[in-house]
1. Is it true that some residue in region 40-50 is within 30 Å of CYS150 (Cα to Cα) and over 15 Å from the mean Cα position of the chain (by Cα)?
2. Please find, within region 45-57, the residue that is surrounded by the fewest Cβ atoms within 10 Å (Cβ to Cβ) out of those that are of a type in the set (Ser, Thr, Tyr) and more than 14 Å from THR131 (Cβ to Cβ).
3. Taking the conditions exactly as written (surrounded by fewer than 16 Cβ atoms within 10 Å (Cβ to Cβ), touching a Ser or Thr at 6+ places or on another chain (Cβ under 8 Å) and either part of a loop (DSSP other than H, G, I, E, B) or in contact (Cβ under 8 Å) with a residue 12 or more places away in the chain (or both)), does LEU88 satisfy them or not?
4. Kindly indicate whether any position in region 118-132 is buried (at least 19 other Cβ atoms within 10 Å of the Cβ), under 25 Å from HIS162 (Cβ atoms), among the polar types (S, T, N, Q) and out of contact with any strand residue (DSSP E or B) (no Cβ under 6 Å at 6 or more places or on another chain).
5. Quick check: anything in region 27-44 surrounded by 13 or more Cβ atoms within 10 Å (Cβ to Cβ), in a helix (DSSP H, G or I) and at pLDDT 90 or above?
6. Are there any pairs with C-beta distances below 9 angstrom linking a residue in region 1-16 that is among the charged types (D, E, K, R) to a residue that is surrounded by 15 or more Cβ atoms within 10 Å (Cβ to Cβ) and at pLDDT 75 or above, with the two at least 6 apart or on different chains, and if so which?
7. Quick test for you: out of GLY136, GLY186, pick the one residue that is at positive phi and part of a loop (DSSP other than H, G, I, E, B).
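The values are calculated or read from the model by the stated rules, or taken from the named source; none is laboratory data. Quick caveat: nothing in here was measured; it's all calculated off a predicted structure. All Cβ positions, even for glycine, are placed from backbone atoms using ideal geometry, and neighbour counts span all protein chains on display.
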Amino acid sequence: MANGSDLKSIATRLYDRAMELDSLRFGDFTLSSGAKSTYYFDGRMLSTDPEGADLISRAFGIAMDDAGIEAFGGPTVAAVPIVGALALRAYLDGKNRTGFFVRPEQKEHGAGKQIEGNLQPGMKVAAFDDTISTGGSLFPAIDAVEATGCKVVLAMAILDRHQGGDAELERRGIPFFKLWESTPDGKVTIAV
């Protein structure tokens, strides 16, 4: 098991990599919610980068080890590259875990699934998104997973924007692991 200083060094290198990729930018931005922000984080740019994927999967893997997780996933599109990196890491590390992702709604064709992957009732699950602000994409995914008979026992994110999603996770009693967090004045800091 890794200690806190390992997580801090992973989170710090991931932050540096985000800056190198221009995945974390500072300025004036309008978010999908319509809210204004002094920074923008493009998590997909980081999670599809080989080093970024490695760092994210290492950190999330440590958090999942501590929570006894059997399955991991989150909402499309942000969770998909992270699921791939975590699935490969689980296999290489000999962990008995499976990945999944949750569509915004059930498919109307094929098998008609909303959740893609080998999720089985009774599993202890980690649900994640690259960024958590209000949790608008994460909470429907959590609800869909729990409707299958699984229990979400951990939420994870690269960045917590502190815009209500963290408070809702606390209200639901779901522990929240994050690598970075933003302050009210828009500074992004290491959270581990």
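1. There is no residue in region 40-50 that is within 30 Å of CYS150 (Cα to Cα) and over 15 Å from the mean Cα position of the chain (by Cα).
2. Taking region 45-57 as the starting set, the residues that turn out to be of a type in the set (Ser, Thr, Tyr) are 47-48, 57.
Add one more test, that the residue is more than 14 Å from THR131 (Cβ to Cβ), and what stays is 48, 57.
Numbers: THR48: 17, SER57: 26.
The residue in question is THR48.
3. On the way: surrounded by fewer than 16 Cβ atoms within 10 Å (Cβ to Cβ): yes; touching a Ser or Thr at 6+ places or on another chain (Cβ under 8 Å): yes; either part of a loop (DSSP other than H, G, I, E, B) or in contact (Cβ under 8 Å) with a residue 12 or more places away in the chain (or both): yes.
Judged against the criteria, LEU88 is a match.
4. Narrowing region 118-132 to residues buried (at least 19 other Cβ atoms within 10 Å of the Cβ): 119, 123, 125-132.
Add one more test, that the residue is under 25 Å from HIS162 (Cβ atoms), and what stays is 125-132.
Still in the running and among the polar types (S, T, N, Q): 131.
Still in the list and also out of contact with any strand residue (DSSP E or B) (no Cβ under 6 Å at 6 or more places or on another chain): none.
Taking every residue of region 118-132 in turn, none turns out to be buried (at least 19 other Cβ atoms within 10 Å of the Cβ), under 25 Å from HIS162 (Cβ atoms), among the polar types (S, T, N, Q) and out of contact with any strand residue (DSSP E or B) (no Cβ under 6 Å at 6 or more places or on another chain).
5. Yes, there is a match, as at least one residue in region 27-44 is surrounded by 13 or more Cβ atoms within 10 Å (Cβ to Cβ), in a helix (DSSP H, G or I) and at pLDDT 90 or above.
6. Here the result reads ASP6/ARG58; ASP6/ALA59; ASP6/ILE62; LYS8/ILE190; LYS8/VAL192; ARG13/LEU55, each pair linking region 1-16 to a residue that is surrounded by 15 or more Cβ atoms within 10 Å (Cβ to Cβ) and at pLDDT 75 or above.
7. Details: GLY136 fails: at positive phi.
Step by step, each of GLY136, GLY186 is checked, and only GLY186 is at positive phi and part of a loop (DSSP other than H, G, I, E, B).
So that you can scan it fast, the table gives a plain yes or no per residue for (1) within 23 Å of GLU70 (Cβ to Cβ); (2) surrounded by 15 or more Cβ atoms within 10 Å (Cβ to Cβ); (3) in contact with a strand residue (DSSP E or B) (Cβ under 8 Å, 6 or more places away or on another chain):
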site	(1), (2), (3)
GLY149	yes, no, no
PHE177	yes, yes, yes
GLU181	no, yes, yes
VAL188	no, yes, yes
